[in-house]
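K.L.:
Provided herewith is a single structure, encoded as structure tokens, for subsequent inquiry.
What follows draws every value from the coordinates through simple rules; no lab data is involved. Source: prediction; values computed, not measured. Positions of Cβ are generated from backbone atoms using ideal geometry, with glycine treated the same way; all protein chains shown enter the neighbour counts.
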Amino acid sequence: MSTEARDTAPTETPEDRYLAVQRSPEFAQLRKALRGFVFPMTVAFFVWYALYVILSAYARDFMSIRIGDSHINVALIFGLLQFVTTFLIAWLYARYASRRVDPLADKIHEELGEVPSADGPRG
Amino acid sequence: MPTVLAAEATSSTARTLTIILFLVFVAVTLAITVWASRQTKTATDFYAGGRSFSGFQNGMAIGGDYMSAASFLGIAGIIALNGYDGFLYSIGFLVAWLVALLLVAELLRNSGRYTMADVLAFRMRQKPVRTAAAVSTITVSIFYLLAQMVGAGALVALLLGIKPGTTFMGMDAGAAKIATIVLVGALMIIYVTIGGMKGTTYVQIVKAFLLMTGALVMTILVLSVFKFNLSSLLGDAAQSSGKGEAFLEPGLRYGVEVANNATQTFYNKMDLLSLGIALVLGTAGLPHILIRFYTVPTARAARKSVLWAIGIIGTFYLFTLALGFGAAALVGSEAITAQDKAGNTAAPQLAQELGRRFLGGETGGATLLAIIAAVAFATILAVVAGLTLASSSSLAHDFYANVVKDGKASERQEVNVARISALAIGAIAILLSIFAQNLNVAFLVALAFAVAASGNLPAILYSLFWKRFNTSGATWAIYGGLISAVVLVFFSPVVSGSATAMFSKSDWQWFPLNNPGLISIPFGFFCGWLGTIISKERDDAKYAELEVRSLTGSGAH
């Protein structure tokens, strides 16, 4: 964030402040840190889930292969793996967010302070 | 006829016990509601529980809000009768939470205040967007509400053991159903109007605890019958289903392969894909789930609550696997369908069987049945309260305060309108449920999910991530998704032109799939894009404010 923006704070409108922050390299870094994780991860879990649904529809022979001589088959394992990956992605995201995203967000929030909304309280 | 007498004695013991336990739950939750009402002073208290809940508490409440009768009774029933295919619901309902966790929860918490529309209308013209959001919120919530209340009505006759021709406290099965719907409706109105979000949240926390405990105990008992050998549970389930190994594989209910009919087989498989996509994308667009993120103080607490919710809900769906296959193995599909064709009583029947085995005799069976039946009623109550709250909040905050009153209503006026709305929506839901008793519950839930995924989700994602998005795009996305989902369902085999349709004797069906998601979700996203680019409106400064606030938490309420 540019220090000039803060020095001229009394005369500038909240709109300018938000635009200045949005254009700052720190904010670009924050946006990149968040999107760099959540977008690829969303694509990954969606493709993985879609694969499961498509296999359930079109690869019945594969899904019905039994593991050894038990009644547990590929379909069940595949389904349970969806649980495993969901838990895993949730855990990875929590770890990533608290290490990489939160510190950047806190820093910008601190520098920015509480800016009143451009046209009074929203919502 | 000693067995018949014994069975009747059982049903009367179970019935009395169910009623007592249910009354205990009602008494406890009403006490909490009255206590919560004393803590409810501001609009933030009423709409968002004063943002005072911890991540864990809200995670439990999300579980209580999300794990509906459709999850508990419905999924266990589908697995018990159709085997593996019921598992698809569990997986879709769980994976869906990643959309909420990664893309929606924290950003929504940072930029909104009370309702879903707060985020959608943030940088738009308030009136058109809030009106659209209120229409969609109320539509989704009412469909979902009807499903729960119709389900409650259907269940009560079965759980209280009122068979055709017999009466209970002077009521036959039809009268008992209506009495249940009115009772459930009246309780949810009381929870919401008196307790607001605080009262509702505690009801949901208590219910989540009861449901998790009940399902855990049943799962352990089922597994112990099979000496904790999953394979032998599955083997017995497959054998007693009469369908062999096919019972453990996909394809008995969804994506059914019809011999010598390639077209129908193709449609069935498309329908499976459509259901799959609607399940995974619907959750993050359900208004009653979204407003739960406002009950915690920060975005980080919202993240924590989703993490807890994923853990709780995921564990619960693993339990349903054991309950469904356990019911297939220990109760058997014949006994289940004799009680309820759709299999909705599989879980309570399993409880009765487990009670017989572990607690001893018919009394044991009656005891466990009564406990699980009471838990099922608690489940329904907590979910309908959440839905009533979501729709009345939207009606009061979005429509009354921001459209009718131009944002100039006082907090007190707004909350009063919210309370009156809850009463009105509750009354309408009771009336509709009485007339809609023959509607298929699964159809109502599928419709709610399809509308949420087709209308709400595109609008939310574009709002949060697309700079160019504008008023026209938001209204197009919501109405486009909403209307396409409803129209496609209206012309689907669910409504007419099939043996299981709502109007099985008429035929105006031309859309081949039961679930509209495959078409209506992409259509909703397309409408949002098209509506945006044909309008010149663009407010970069407002997007800067939304983006900075949603990512940093600056200016969050």
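K.L.:
What's the angle, to the nearest 10 degrees (0 to 90), between helix B:361-393's Cα axis and the longest principal axis of chain B?
P.N.:
Compared with the principal axis, the helix lies near 10 degrees.
K.L.:
Using modelled amide H (1.01 Å from N, peptide plane; none on Pro or chain starts), what sits under 5 Å from the amide H of A:Glu12, excluding residues fewer than 5 places away?
P.N.:
Placed amide hydrogens put nothing under 5 Å from A:Glu12.
K.L.:
Can you give the average number of partner chain beta-carbon atoms within 10 Å of each beta-carbon in peptide B:87-98, as a whole number?
P.N.:
5
K.L.:
I would also like to ask the following. When only Cα pairs under 8 Å and 6 or more residues apart are kept, what is the percent relative contact order across chain B?
P.N.:
Worked out over chain B, it gives 28 percent.
K.L.:
Going by average Cβ neighbours within 10 Å, how do the peptides B:132-143, B:482-493 rank, with the highest at the top?
P.N.:
Top of the packing list down: B:132-143, B:482-493.
K.L.:
For A:Asn73, list long-range residues whose amide hydrogen, built 1.01 Å from N in the peptide plane, is under 5 Å from its own amide hydrogen.
P.N.:
Long-range HN contacts for A:Asn73: A:Ile67.
K.L.:
Here is a further query. What percent do you get for the relative contact order of the stretch B:146-236 when only Cα pairs under 8 Å and 6+ apart count?
P.N.:
18
K.L.:
What list of ³J(HN,Hα) couplings, whole Hz, do you get for the stretch B:239-254 from phi and the Karplus terms 6.51, -1.76, 1.60, once you set θ to phi - 60° and write x for glycine and proline?
P.N.:
The phi angles translate into 5, 6, 6, x, 10, x, 4, 4, 4, 9, 10, x, x, 7, 10, 10 Hz.
K.L.:
Test of the criteria: in the stretch B:503-535, which chymotrypsin sites (Phe, Trp or Tyr not before Pro) are in a DSSP loop and have at most 13 other Cβ atoms within 10 angstrom of their Cβ?
P.N.:
Hits after loop and neighbour filter: B:Trp508, B:Trp510.
K.L.:
Okay, moving on. Return the calculated 222 nm mean residue ellipticity for chain B, to the nearest 500 deg cm²/dmol, obtained by summing -39500 (n - 2.57) across DSSP H runs with n ≥ 4 and dividing by the residue count.
P.N.:
-23500 deg cm²/dmol
K.L.:
Out of the stretch B:351-452, which trypsin sites (Lys or Arg not before Pro) are coil in DSSP terms and have no more than 14 other C-beta atoms within 10 Å?
P.N.:
B:Lys405, B:Lys408
K.L.:
Compute the relative contact order of the stretch A:3-112 as a whole-number percentage, counting only Cα pairs closer than 8 Å that sit 6 or more residues apart in sequence. Display every interim value, and only then the final one.
P.N.:
Values: 41 pairs, mean separation 33.4, N = 110.
Averaging sequence separation for qualifying contacts and normalising by length gives 30 percent for the stretch A:3-112.
K.L.:
Mind jotting down the distance between the C-alpha centroids of the stretch B:67-81 and the stretch B:482-524, whole Å?
P.N.:
Comparing the Cα centres of the stretch B:482-524 and the stretch B:67-81, I get a distance of 23 Å.
K.L.:
Looking at chain B, which longest stretch skips every one of the GluC sites (Glu not before Pro) that is in a DSSP loop with at most 14 other Cβ atoms within 10 Å, leaving the sites themselves out?
P.N.:
The longest uninterrupted stretch comes out as B:258-536.
K.L.:
Considering only C-alpha atoms, what is the centroid distance from the stretch B:267-341 to the stretch B:359-436, in Å?
P.N.:
For the stretch B:267-341 versus the stretch B:359-436, the Cα centre distance is 20 Å.
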